[in-house]
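Here the structure comes first, spelled out in structure tokens, and everything after it is commentary.
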Amino acid sequence: PGVALARLSMSETKPTVGVFVPESKGIPGSVRIYEVPDVKKATSGGGENDVSEPNAVARKSFFRISEVDLKWAPDGSALLVCGYCEVDASNKNYYGESSLHFLKADGSLDCKVDLSKEGPVHDAQWSPCSDEFGVVYGYMPAKATIYKAAKCEPKYELGAGPHNTLRWNPFGRFIALAGFGNLPGDIKFFQKMKDGKYKPVGSTRAACSVTLEWSPDG
């Protein structure tokens, strides 16, 4: 009851669904992960009463979050929860407050992503390989950090600048880091090296642009 948003993972072996239930009557909001039930087994008994209420395999509760964006790792192993609130309790941001949380699909780990700069979360994106995710965050000039998905630990800093958009290419080899909207449209490109670090490989400017996407061939 009260589910406001649901996102199905893309896992081929063990699909799960993440749901968001907003705060209500003093009860904190929550994000929960459920295994998708085996419909054939559930309906084999011949009645709806045979389907019991599912138990969440992972759950995270929140206060002061009115809406979320749920972002699954491509392999369905973990979920990023971008939380938003219209009012910033510290009165430092006119646009409200944002936060980023990490949940393993099997319930083995849930935590707030450790962001080393104060300010809003501008963007968070998974690598197509599911082993890393990138976050752009903080008051301008915003920071961009790559995190290891295994333990939700920071791995590599892409630097600070007028950025609010991060896009991996379809194979996880390149990253485009950019700033659109009220930012000048600068785009930096990084290549992932064999040692796991990221090397700057070029830059350009796309003034008056709104977003960017990689071509399917990367």
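Tabulated values for the structure
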quantity	calculated
Checklist (1) modelled with pLDDT of 90 or more; (2) surrounded by fewer than 20 Cβ atoms within 10 Å (Cβ to Cβ) applied to Lys104, failing item	(2)
In the stretch 128-178, the residues that are open to solvent by 20 Å² or more (accessible area, probe 1.4 Å) and over 17 Å from Lys117 (Cβ atoms)	Pro128, Cys129, Asp131, Lys148, Ala150, Lys151, Arg167, Trp168, Pro170, Phe171, Arg173, Phe174
Residues within the stretch 187-218 that are touching a Ser or Thr at 6+ places or on another chain (Cβ under 7 Å) and among the charged types (D, E, K, R), tallied	1
Tally, over the stretch 142-170, of residues that are under 22 Å from Asp110 (Cα atoms) and touching a Gly at 6+ places or on another chain (Cβ under 6 Å)	1
Scan of the stretch 165-200 for residues that are in contact (Cβ under 8 Å) with a residue 40 or more places away in the chain, assigned to a loop (DSSP other than H, G, I, E, B) and within 13 Å of Glu213 (Cβ to Cβ), ordered by number	Asn169, Pro170
Failed criterion for Asp88 (all others in (1) modelled with pLDDT under 80; (2) closer than 26 Å to Gly119 by Cβ; (3) in contact with a Phe, Trp or Tyr (Cβ under 9 Å, 6 or more places away or on another chain); (4) open to solvent by 60 Å² or more (accessible area, probe 1.4 Å) hold)	(4)
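The values are calculated or read from the model by the stated rules, or taken from the named source; none is laboratory data. Note that the coordinates shown come from a computational prediction; the quantities given were computed from them, not determined experimentally. We place every Cβ from the backbone using ideal geometry, glycine too, and count neighbours over all the protein chains shown. Note: accessible area is taken over every heavy atom of the protein model, side chains too, but ligands, DNA and RNA are not part of it. Shrake-Rupley method; radii C 1.70, N 1.55, O 1.52, S 1.80 Å.
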